[in-house]
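The values are calculated or read from the model by the stated rules, or taken from the named source; none is laboratory data. Bear in mind the structure is a predicted one, so any value in this text is a computation, not a measurement. All Cβ positions, even for glycine, are placed from backbone atoms using ideal geometry, and neighbour counts span all protein chains on display. Side chains included, ligands, DNA and RNA excluded: accessible areas come from the protein's heavy atoms. Shrake-Rupley method; radii C 1.70, N 1.55, O 1.52, S 1.80 Å.
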Amino acid sequence: MAKFTAKPNELSKINLTPRRKEWMDTPVEIREHMYCHPAKIKDLQTVDFSHAREWKPADEDWKLPQNWEQIVLDGMQALLKKYRSFQVFMDICVRCGACADKCHFFIGTGDPKNMPVLRAELLRSVYRGNFTLAGKILKKINGARTLTPEVIKEWWYYFYQCTECRRCSVFCPYGIDQAEITMMGRELTNLLGLQIGWIAGPVAACYMKGNHLGLEPHTITSSVELFVDDIESITGIRVEPTFNRKGAEILFVTPSGDLFANPGTYTAMGYLMLFHELGLDYTWSTYASEGGNFGFFTTNEMAKRLNAKIYAEAKRLGVKWILGGECGHMWRVLHQYMDTWNGPADFLEVPRSPLTGTVFDNAKATRMVHIAEFTADLIRNGKLQLDPGRNDHLKVTFHDSCNTSRGMGMLEEPRYIIRNVCNHFYEMPEDTIREKTFCCGSGTGLNASENMELRMRGGFPRANAVKYVREKYGVNMLANICAIDRATLSASMDYWNPGVQVCGAHELVANALVMKGEKERTQDIRLEPLPGEEETENV
Amino acid sequence: MDLKGLLAAKKDAILRKWFDAVLESYPADTSNFLKTKKNRFANPVGYSLTKGLEALFDGLLQGVEIETLSPSLDSIVRIRAVQGMAPSKAMIFPFLLKNAIRGELEPELRGDRFSGEMTALESAIDALALHAFNIYMQCREKIYALQAEESQRLTYRLLQKAKMVCEVQGEDPGTGSSKDTKK
């Protein structure tokens, strides 16, 4: 919210009509509640990021390094040389505007610089002015501009108002990937030490301890023990997960957030119950203890460094293949980058379900399977006994995570699972799901608290579609397959759609899963009474 | 014809004027999008404004209790409370209806014929604005509450493990439920 500055006698004279100005002539206004706090010096130094210093976004002077201009231009040159896509995206946009109104941040904020085309122009204008002949000669006429500290501020402000969700790319006739442009923008600002704390903290923790929360092995195992206790009280069955076990068939890797953040914890309990019921020969790792990769929101090199531990641990433990939990950006990284960064994983086998015999050819390169594919295959082959009636208190809709839907084409598997474990499933309107899904509004490391206002604006288009199915069908549960969604959509629903809760698909599986030897269930995974058991609970 | 009849006859024109005036609080490129894109899911802000303003207008015309207009007010205020506007700008929209009516009915409102009814209507609009401000404050307070609740939710199991949470009768930060659960 902007600060209240009008004097009483000015209140009646407010001119609401904004002045018409070209975007280049509209200076950036760094507004509180729209940005995340800067990174801590120690976190940047942990991973050798340069120019770590104390600075404040609200200050006039950002204490840029003395040769900041050279750093940025050299950096841009290097990126243009390294990534052909970046060069192409800088050159081919014809500014048709097809992407302009597709961004959740533009729709929610109303800020024209959140139109993807204009956000990209922030970078293109500098590219033209410094790397193209026409731009150098014609300057502003050619859409070029000079690099100034104000431009750097504008980059930082707006590239941290993009969640790299790639919805705009679906509508671009040239297929320009705005996420890659934002990645380049973030790489460049990172060169100047302009990183945010909510990203740099997890990156440093992951680099040192293996996960974003900086959890040490004993903390991980003891928190899983808490799940084991809760599962026993619900089902009467004590599941027995193993950690760092050499010779296991499968290594399981999932986002660490699900070990501690509600409601993701219930999804993690679902994994434990499912694997126990299957008698799966698998192990958790307390070293490769993070599926997510916040390094992906800083630089390509950092993402690669953090990702390396997954294959390294798989090799150390001697597993045959890797199974991954529900997550969004984790899967874009694993699906599209891991093989070329840290592969080939020729020491692993092509994943094959030990229960159904299904060979996951789609994971032939990475040797890592998404748990939604794995579970959908189990259901398809009749390997699970399910009682969807246990989810009858829930009217469920499904939010496609940006990265799993647009990044890896996973559209049907989670729906297939949900339809088999729930009796009441309702889709949101067509233009808001599948490839056209709206972002949660808090991805790419923007899920901090200090920018809650930005998150609520960016989350509005998604929440608006949820509101529709809530009013039409009485939907009260928003399912998804992403840890960040589970963490952030809870706040979004609380603001826009109070009463709608959030869960992972495997929480619903856990509710419906009939386990061999279980006691009669009276509670769901949240320890709340199942439908029909409310009276018993209150006695 | 009384004032209500006049307002009903000119409803579309008044609503258009009101809507346009509200949209002036957005940049030109944005207001054009909000005005022209009709799909309720592609343009949820424009849709919410259109539907909300119409419902408020109808309610005022029918003379319903202001409290019954809360859902319509909420659908507009909840958006504007997080759009970075100063409170005075975010909450100006009820008052803009006065301008829209006076602008559209300018010839008819000359003289004293409708002055009594107009005073009553403008008082109702003022009451609407005050009620809108209540909702605005609830939204703002909710934003700050969300920040606190989320930090608890994100570290819930760590707090539990450190025995910093205990069983109480109340709301669970993890689920938002009001069952006898953990906090």
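Of everything in region B:147-162 that's more than 7 Å from every other protein chain (Cβ to nearest Cβ) and under 17 Å from A:ASP494 (Cα atoms), which residue is surrounded by the most Cβ atoms within 10 Å (Cβ to Cβ)? It would help to see each step written out before you state the result.
Going residue by residue through region B:147-162, those that are more than 7 Å from every other protein chain (Cβ to nearest Cβ) are B:148-149, B:152, B:159, B:162.
Going one step further and asking which of them are under 17 Å from A:ASP494 (Cα atoms), we end up with B:148-149, B:152.
Values: B:ALA148: 11, B:GLU149: 19, B:GLN152: 15.
Top of the filtered list is B:GLU149.
All of (1) more than 17 Å from B:PRO94 (Cα to Cα); (2) open to solvent by 60 Å² or more (accessible area, probe 1.4 Å); (3) out of contact with any helix residue (DSSP H, G or I) (no Cβ under 7 Å at 6 or more places or on another chain) hold for B:LYS10 with one exception: (3).
Residues that are free of Cβ contacts under 8 Å to residues at least 60 places away in the same chain, over 25 Å from B:ASP74 (Cβ atoms) and away from every other protein chain (no Cβ under 13 Å): does region A:490-513 have at least one? No; the residues of region A:490-513 include none that is free of Cβ contacts under 8 Å to residues at least 60 places away in the same chain, over 25 Å from B:ASP74 (Cβ atoms) and away from every other protein chain (no Cβ under 13 Å). Restricting region A:430-462 to residues that are over 24 Å from A:HIS370 (Cβ atoms) and not in a helix (DSSP H, G or I) leaves a set whose member that is most open to solvent (accessible area, probe 1.4 Å) is A:GLU450.
Report whether or not B:GLY116 is more than 11 Å from chain A (Cβ to nearest Cβ), modelled with pLDDT under 95 and in a helix (DSSP H, G or I). The answer is yes for B:GLY116.
Any chance region A:407-418 includes a residue that's touching a Lys or Arg at 6+ places or on another chain (Cβ under 9 Å), open to solvent by 10 Å² or more (accessible area, probe 1.4 Å) and closer than 28 Å to A:MET515 by Cβ? Spell out the reasoning first.
The initial filter retains those residues of region A:407-418 that are touching a Lys or Arg at 6+ places or on another chain (Cβ under 9 Å), namely A:407-408, A:411, A:416.
Now restrict to residues that are open to solvent by 10 Å² or more (accessible area, probe 1.4 Å): A:408, A:411, A:416.
Next, only the ones that are closer than 28 Å to A:MET515 by Cβ stay: A:416.
Checked against the condition, which is being touching a Lys or Arg at 6+ places or on another chain (Cβ under 9 Å), open to solvent by 10 Å² or more (accessible area, probe 1.4 Å) and closer than 28 Å to A:MET515 by Cβ, region A:407-418 yields at least one hit.
Against the list (1) in a helix (DSSP H, G or I); (2) in contact (Cβ under 8 Å) with a residue 12 or more places away in the chain, the condition A:THR219 fails is (2). Among the residues of region A:476-534, those that are in the same structural domain as A:ILE234 (by TED's automatic domain parsing), open to solvent by less than 30 Å² (accessible area, probe 1.4 Å) and of a type in the set (D, E, K, R) comprise A:ASP485, A:ARG486, A:GLU507.
Listed by first and then second residue, the pairs linking a residue in region A:375-397 that is among the charged types (D, E, K, R) to a residue that is open to solvent by less than 20 Å² (accessible area, probe 1.4 Å), with Cβ atoms under 6 Å apart and 6 or more places separating them unless they lie on different chains, are A:ASP377/A:SER353; A:ASP387/A:ALA512; A:ARG390/A:ASN511; A:ARG390/A:ALA512; A:ARG390/A:LEU530; A:LYS395/A:VAL475.
At least 2 residues being within 14 Å of chain A (Cβ to nearest Cβ) is the threshold, and among the helices (runs of 4 or more DSSP H) wholly inside region B:1-69 those reaching it are B:11-23, B:28-36, B:44-62. The single condition from (1) open to solvent by 10 Å² or more (accessible area, probe 1.4 Å); (2) in a loop (DSSP other than H, G, I, E, B); (3) more than 24 Å from A:VAL170 (Cα to Cα) that A:GLU427 fails is (3).
A:LEU334: among the aliphatic types (A, V, I, L, M), without any contact (Cβ under 8 Å) to a residue 60 or more places away in the chain and touching a strand residue (DSSP E or B) at 6+ places or on another chain (Cβ under 8 Å), yes or no? For A:LEU334, the condition - among the aliphatic types (A, V, I, L, M), without any contact (Cβ under 8 Å) to a residue 60 or more places away in the chain and touching a strand residue (DSSP E or B) at 6+ places or on another chain (Cβ under 8 Å) - is met. With respect to the conditions (1) at the interface with another protein chain (Cβ under 10 Å from one of its Cβ atoms); (2) in contact (Cβ under 8 Å) with a residue 40 or more places away in the chain; (3) hydrophobic (A, V, I, L, M, F, W, C); (4) open to solvent by less than 10 Å² (accessible area, probe 1.4 Å), A:ALA465 lacks only one, and its number is (2).
One residue stands out among those in region A:25-48 that are under 22 Å from A:GLY295 (Cα atoms) and in a helix (DSSP H, G or I): the one that is farthest from the other protein chains (Cβ to nearest Cβ), which is A:GLN45. Take the residues in region A:334-351 that are out of contact with any helix residue (DSSP H, G or I) (no Cβ under 8 Å at 6 or more places or on another chain) and in a loop (DSSP other than H, G, I, E, B); name whichever of them is most open to solvent (accessible area, probe 1.4 Å). Per the stated criteria, the residue is A:ASP346. Under the condition of being away from chain B (no Cβ under 14 Å), open to solvent by 30 Å² or more (accessible area, probe 1.4 Å) and not charged (D, E, K, R), which residue from region A:219-274 is farthest from A:GLU313 (Cα to Cα)? So, considering only residues that are away from chain B (no Cβ under 14 Å), open to solvent by 30 Å² or more (accessible area, probe 1.4 Å) and not charged (D, E, K, R), the one farthest from A:GLU313 (Cα to Cα) is A:GLY236.
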